[in-house]
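Working notes, structure below.
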Amino acid sequence: MTTLEISFAEADALLAFVEQQLAKGMVFLADRGGVEPLTPCALVVSMHGRSVTLRAEIVYVRDDGPGKGVGLQLAPPDAATLATIRALTEPAPLPLPMPEALVTDGAPDLARESAALVERDEPDEPDDEVARSPHLHERLRSLSSAEQQKLATTGTLAERTMLERLYGPNVWESLLSGGRATPPEVARIARIGTLPLPLLELIGGNGAWIASPLVQRALLSNPRCPTTVVSRVLQALSRRDLMLVPQQAAYPASVRQAAKALLGR
């Protein structure tokens, strides 16, 4: 099957594409060609290194001259799929920069030690399992609200991951309250800048989660995180890790300042 990709660098451009073309079931890819009309294809919409794949049909092809491009027709995506595509505008989390050298009183290089901590705590993402389940997206995309909530509390790791991608805010609370969420899942949700405050407080109130360096970094990097949760996370850090916080430009200034104040006590 032919695969056509459209990639975006700016959030406004992707959102305009969704509203003006994708939501209406018609897409035009300018300056494309070399494909056969009236054949099925896969349309890949990507941003920040992540993508969503949709089924479409090529209905128009012009290989040269004015109007050069490829026209696609597809069933207008449902609300959950559109939400998943819009969520591509959120940057994928990047590894936090480590200071080149931070040595005090003959202590070991804290940057090297923190880097080792990051390596030990890399998330166990289920992307490979999801990729090996080509029908998972199709099976879950039409769930009722009640079915979504039930699966969020009983599903496998791959199912929970796909649920979060498809339904986002609809299942966040159930995923976090179901008792099965792993630190990588919690961290992925904790990074979301639109996460409601009660859910950030729910995460910050779970001692097992805030003991995870992955969840700690996610909460500290979220500018919406309440000061009470920030304080709780900072107090859970070892002194060596706490000393690194003011060096991290990825953290809000208020978090870096709170870490300095805690170190100064």
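Working note: Karplus 6.51/-1.76/1.60 with θ = phi - 60° gives region 214-227 the couplings 5, 6, 4, 5, 5, 5, 5, 8, 8, x, 8, 4, x, 4 Hz, where Gly and Pro are set to x. Distances between placed amide hydrogens fall under 5 Å for Tyr60 paired with Leu38, Gly71, all partners being 5 or more residues away or on another chain.
Here is the P(r) of region 124-254: all C-alpha pair distances, binned every 10 Å from 0, give 12, 41, 29, 14, 3 in whole percents.
Annotation: for a label point projected 7 angstrom from Cα along Cα→Cβ of Asp12, no residues of region 218-243 have a backbone N closer than 12 Å. Modelled this way, with points 7 Å down the Cα-to-C-beta line, the labels at Arg50 and Thr156 are 2.2 nm from one another. The label point for Ala250 and the one for Ser231, both projected 7 Å from the Cα toward the Cβ, are 2.6 nm apart. The phi-based Karplus calculation (6.51 cos²θ - 1.76 cosθ + 1.60; θ = phi - 60°) puts the 3J(HN,Hα) values of region 27-40 at 10, 10, 9, 5, 6, 9, x, x, 10, 8, x, 6, 10, x Hz, whole numbers, x for Gly and Pro.
Here's how it looks for Val35: its modeled amide H is under 5 Å from none belonging to a residue 5 or more places away or on a different chain.
Based on the Cβ-Cβ distance of Glu201 and Tyr60, what FRET efficiency does E = 1/(1 + (r/R0)^6) give at R0 = 45 Å, to the nearest 0.05? Efficiency, from the Cβ-Cβ distance: 0.30.
Here, each number is a calculation from the coordinates, and none is a lab measurement. All values reported here derive from a predicted model rather than from experimental measurement. Cβ sites come from the backbone with ideal geometry, for glycine too, and all protein chains shown count toward neighbours.
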